Amino acid sequence: MPLKNVRAMPWIGEQPVLDLANTVVVGAGPAGADIDLLTDSGLLACWREKACDRELADLPAQDLTELRAPVRGVLDAASRQAPLPGPARARLNALAARAPVTFRVDDTGRLAEEEAGGPVGGSVARQALVLAAGPEQARLRCCPAPSCGMFFLARRRDQAWCSIGCGNRARAARRGGRRAD
């Protein structure tokens, strides 16, 4: 993925938990290294502008990095249909407990869930747990395309890549690999 595409960050801005988890671009750096959006001041500034949750975007980089580790751990395991790692699960459970949720029945008779305050880290932790172990877990994927590794929610059962561009890169890489044999 070219650096200009990394700076554009089209994958940021949909859900706070995915915004945080997707601050690592796998294999897109020099010599195939990962690009960490939280350690480069320019990329961090771009990410802060695009992130959908202002409170999350305003956290210090150190706090973002500390929160990201268990979030990525549980999302990675869930995307592979593997058991959630105990330490990451325990950390997110503890954080989520500090940001309670309340339920109320609205005027139409529907049950509504509302955030009841607490730190943004707790809210993001709860979102990670719900995504990793809730009903949308079956849709959670980690893009296998070269220079990506983004977590996304599949719109179709057979969707393998997060975007058309990633699908094209993956197919081109496979074709290139066959020619080399």
Worksheet item: By how many nm would the segment from ALA116 to THR39 lengthen if fully extended, with 0.36 nm per residue of separation less the alpha-carbon distance?
Response: 24.6 nm
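Determine the share of the chain's accessible area contributed by carbon and sulfur atoms, expressed in whole percent, with a 1.4 angstrom probe.
Details: 5310 of 9870 Å².
Carbon and sulfur atoms account for 54 percent of the accessible area of the chain.
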Item to complete: Express the C-alpha Rg of segment 7-51 as a ratio against the empirical globular expectation 2.2 N^0.38 Å, rounded to two decimals.
Response: 1.08
Worksheet item: For helix 86-97, what angle does its Cα long axis make with the longest principal axis of the chain, in degrees from 0 to 90 and rounded to 10?
Response: 40 degrees
Discussion item. Rg and Dmax in Å for the chain, alpha carbons only: what are they?
Written reply: 17.5, 65
Worksheet, complete the sentence: Over the chain, cysteine residues that find no other Cys C-beta under 4.7 Å are CYS46, CYS52, CYS142, CYS166
Item to complete: Compute the convex hull volume of the Cα atoms of segment 48-142, divide it by the residue count, and report the result per residue in Å³ as a whole number.
Response: 124 Å³
Worksheet item: What does the accessible area of ILE35 come to, in Å² to the nearest 10, when a probe of 1.4 Å is used?
Response: 20 Å²
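For the chain, what is the calculated [θ] at 222 nm in deg cm²/dmol (nearest 500), taking -39500 (n - 2.57) for each run of four or more DSSP H residues and dividing by its residue count? The partial results should precede the final answer.
Working: 8 runs with 88 residues, N = 181.
Dividing the helical sum by the residues of the chain leaves -14500 deg cm²/dmol.
What do you get for Rg/Rh over segment 95-181 if you use C-alpha atoms and the Kirkwood form of Rh? Let's see the in-between values first.
Numbers: Rg = 19.3 Å, Rh = 16.0 Å.
Across segment 95-181, the Cα-based Rg/Rh ratio is 1.21.
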Discussion item. I want to make sure I understand the PRE zone here: with the label point 7 angstrom from the Cα of ARG98 toward its beta carbon, which residues in segment 46-70 have backbone N atoms less than 20 Å away?
Written reply: 53-70
Discussion item. Counting heavy atoms of the protein chains only and a 1.4 Å probe, report the per residue accessible area for segment 31-181 as a whole number of Å².
Written reply: 57 Å²
Worksheet item: Taking the Cα centre of each part, how many Å lie between segment 58-117 and segment 9-45?
Response: 20 Å
Item to complete: Kindly rank 17-23, 107-113 from highest to lowest mean number of other beta carbons found within 10 Å of each residue.
Response: 17-23, 107-113
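I want the local charge near LEU140. Using Cβ-Cβ distances under 10 Å, sum +1 for each Lys or Arg and -1 for each Asp or Glu among the other residues.
+1
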Worksheet item: Rounded to the nearest 10 Å², what accessible area does THR65 show when all protein chains are kept and the probe is 1.4 Å?
Response: 60 Å²
Practice prompt. Please find the FRET efficiency linking ARG155 to GLN62, where r is the Cβ-Cβ separation and R0 is fixed at 45 Å, and quote it to the nearest 0.05.
Written response: 0.85
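Expressed as a rounded percentage, what relative contact order does the chain have, with Cα pairs under 8 Å and six or more residues apart?
Values: 261 pairs, mean separation 35.5, N = 181.
That works out to 20 percent.
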Discussion item. Given the C-alpha atoms of segment 105-144, compute the convex hull and give its volume per residue in Å³.
Written reply: 107 Å³
Discussion item. Using a 1.4 angstrom probe on the protein heavy atoms only, could you order GLU66, GLU14 from most to least accessible area?
Written reply: GLU14, GLU66
Discussion item. For segment 56-111, take the convex hull of the Cα atoms, compute a quarter of its surface area, and give me that in nm², please.
Written reply: 6.0 nm²
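The values are calculated or read from the model by the stated rules, or taken from the named source; none is laboratory data. Keep in mind that this is a model prediction, so the values were computed, not measured. When we count neighbours, we look across all protein chains shown, and the Cβ atoms used for this are built from the backbone with ideal geometry, even at glycine. We work out accessible area using only protein heavy atoms, side chains counted, and drop any ligands, DNA or RNA first. Shrake-Rupley method; radii C 1.70, N 1.55, O 1.52, S 1.80 Å.
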